[in-house]
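First up is the structure itself, then whatever we jot down about it.
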Amino acid sequence: HAKRAGRNQLSYYAPVMNAKLKATLQMETDLRKAINDHELFLVYQPIFNVRHQAMVGVEALVRWRKPDGSMVFPDEFIPVAEQTGLIVPLGDYVLEQACKQLQQWHKKGLDLSMSVNVSPAQLRDSNFISLLQNCLKHYSLNPLKIQLELTEQIFIENSEELVSSLDTIANMGVHLAIDDFGTGYSSLSYLQKLSVDVLKIDKSFMDAVLSDTESAMLVKAMIAMAHSLNLAVVAEGVESQEQQDFLATEGCERGQGYFYGRPVEPEQLAPYFSDYLATI
Ligand code: C2E
Ligand code: MG
Ligand code: MG
Ligand code: MG
């Protein structure tokens, strides 16, 4: 019986798996071409100081515009890029473009910080540190103005090499942030062991912060914990004035979300810049 069930299962799942595999392979081919043909570009989402409600930086977020004009969002292609190793050339491209853009803003007197998402495979890549150094040098950037965002996923492995590359990066003066904090099921001990500066509270906690007391308690606790460890806090997914007020009351330093602004192409940030220049 077991055998038959097994065989049935196989014949049931095989076509499904096949279709998935085919889709992944197609995506890989398309993505490889997209990287070479520069179909990828960056949008930038404002990050605000909560207390002063002023823009202090942006996060670079990758987008893919296919030749037919359709857009593909990162949740669709980043996982494939990670599975296939394409995340390394993709991530290198993102880092370089983000640095180039930041230099242009600095030249205009906009003293913003740039956050860039970095995948585990990039950090494991032996060329990553020198790429980062080259970018800082080539675009004459103050390392303190760069923040690399890592998810908790990376801390699950807890390897010697990882600890040492993070130390090297931190010693360069580049800031490190934990992205999507609270969703990764990893031990909290890494927070004291590793050279992390910033904690980004995941949007899922912010979504319920006004409607659910437990979410509110969790966010308060995360802010308090971060502060006791000398970490600054960024809240993700801030969509309303009420959420912004909550964060201000709780002493959260920075906020990111549709309330402050959506991710947009550089030219569309102009209105934010005139506000920015008016306040300095
Ligand atoms: P993330 O790093 O946590 O980026 C924040 C995501 O939340 C972005 O989605 C942003 O558009 C969205 N978001 C921000 N504020 C709000 C809000 O108020 N409401 C709602 N509903 N959404 C908001 P996006 O751009 O689709 O990126 C998704 C994820 O893909 C990112 O999450 C990041 O993990 C990954 N990603 C994006 N660009 C890159 C990249 O260049 N490299 C790597 N490795 N990952 C990237
Ligand atoms: Mg991020
Ligand atoms: Mg995030
Ligand atoms: Mg997120």
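The values are calculated or read from the model by the stated rules, or taken from the named source; none is laboratory data. Every value quoted in this text rests on a predicted model; they were computed, and no experiment measured them. Positions of Cβ are generated from backbone atoms using ideal geometry, with glycine treated the same way; all protein chains shown enter the neighbour counts. When the accessible area is computed, the model is the full protein with side chains, heavy atoms only, and any ligands, DNA or RNA have been set aside. Shrake-Rupley method; radii C 1.70, N 1.55, O 1.52, S 1.80 Å.
Taken over segment 209-266, residues that are open to solvent by less than 20 Å² (accessible area, probe 1.4 Å), in a helix (DSSP H, G or I) and of a type in the set (Phe, Trp, Tyr) amount to 0.
Only one of the numbered conditions (1) of a type in the set (Gly, Ala, Ser); (2) modelled with pLDDT of 95 or more; (3) open to solvent by 20 Å² or more (accessible area, probe 1.4 Å) is violated by ALA81, and that is (3).
One line per residue, one yes/no per condition, for (1) buried (at least 18 other Cβ atoms within 10 Å of the Cβ); (2) at pLDDT 95 or above; (3) in a strand (DSSP E or B):
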site: LYS137; (1), (2), (3): no, yes, no
site: GLN147; (1), (2), (3): yes, yes, yes
site: PHE155; (1), (2), (3): yes, no, no
site: VAL163; (1), (2), (3): no, no, no
site: LEU166; (1), (2), (3): yes, no, no
site: ALA170; (1), (2), (3): no, yes, no
site: ASP179; (1), (2), (3): yes, yes, yes
site: THR183; (1), (2), (3): no, no, no
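Which one of LEU162, LEU123, LEU148, LEU102 is in contact with a strand residue (DSSP E or B) (Cβ under 8 Å, 6 or more places away or on another chain), under 30 Å from SER187 (Cβ atoms) and away from ligand 2 (no atom under 13 Å from the Cβ)?
Numbers: LEU162 fails: in contact with a strand residue (DSSP E or B) (Cβ under 8 Å, 6 or more places away or on another chain); LEU148 fails: away from ligand 2 (no atom under 13 Å from the Cβ); LEU102 fails: under 30 Å from SER187 (Cβ atoms).
Answer to the check: LEU123.
When the criteria are applied in full, PHE181 meets the requirement of being touching a residue at least 24 places away in the same chain (Cβ under 8 Å) and among the aromatic types (Phe, Trp, Tyr).
If you go through segment 185-194 and keep only what is assigned to a loop (DSSP other than H, G, I, E, B) and aliphatic (A, V, I, L, M), you end up with LEU188, LEU194. Taken over segment 115-135, the criterion of being touching a helix residue (DSSP H, G or I) at 6+ places or on another chain (Cβ under 9 Å), open to solvent by 60 Å² or more (accessible area, probe 1.4 Å) and not in a helix (DSSP H, G or I) is satisfied by ASN127 alone.
Given ALA235, ALA177, which one is of a type in the set (A, V, I, L, M), closer than 23 Å to VAL43 by Cα and in contact with a Phe, Trp or Tyr (Cβ under 9 Å, 6 or more places away or on another chain)? Write out each step before concluding.
Working: ALA177 fails: in contact with a Phe, Trp or Tyr (Cβ under 9 Å, 6 or more places away or on another chain).
Unique residue meeting the criteria: ALA235.
Figure legend. Inter-residue proximity from segment 189-211: first residues over 13 Å from GLU149 (Cα atoms), second residues of a type in the set (A, V, I, L, M) and surrounded by 16 or more Cβ atoms within 10 Å (Cβ to Cβ), beta-carbon distance below 6 Å, spacing 6+ or different chains. Indicated pairs: LEU194/LEU166; PHE205/LEU218; PHE205/VAL219; MET206/ALA235; VAL209/ALA216; VAL209/VAL219.
The rows are residues; the columns are (1) within 16 Å of ligand 3 (Cβ to nearest atom); (2) acidic (Asp, Glu).
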| site | (1), (2) |
| --- | --- |
| MET17 | no, no |
| LEU25 | no, no |
| ASP37 | no, yes |
| VAL43 | yes, no |
| VAL56 | no, no |
| LEU61 | yes, no |
| GLY69 | no, no |
| ASP75 | yes, yes |
| VAL80 | no, no |
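Among the conditions (1) within 16 Å of ligand 4 (Cβ to nearest atom); (2) in a helix (DSSP H, G or I), the only one that VAL62 does not satisfy is (2).
Checking each residue in segment 199-208 for being open to solvent by 10 Å² or more (accessible area, probe 1.4 Å) and hydrophobic (A, V, I, L, M, F, W, C) picks out PHE205, ALA208.
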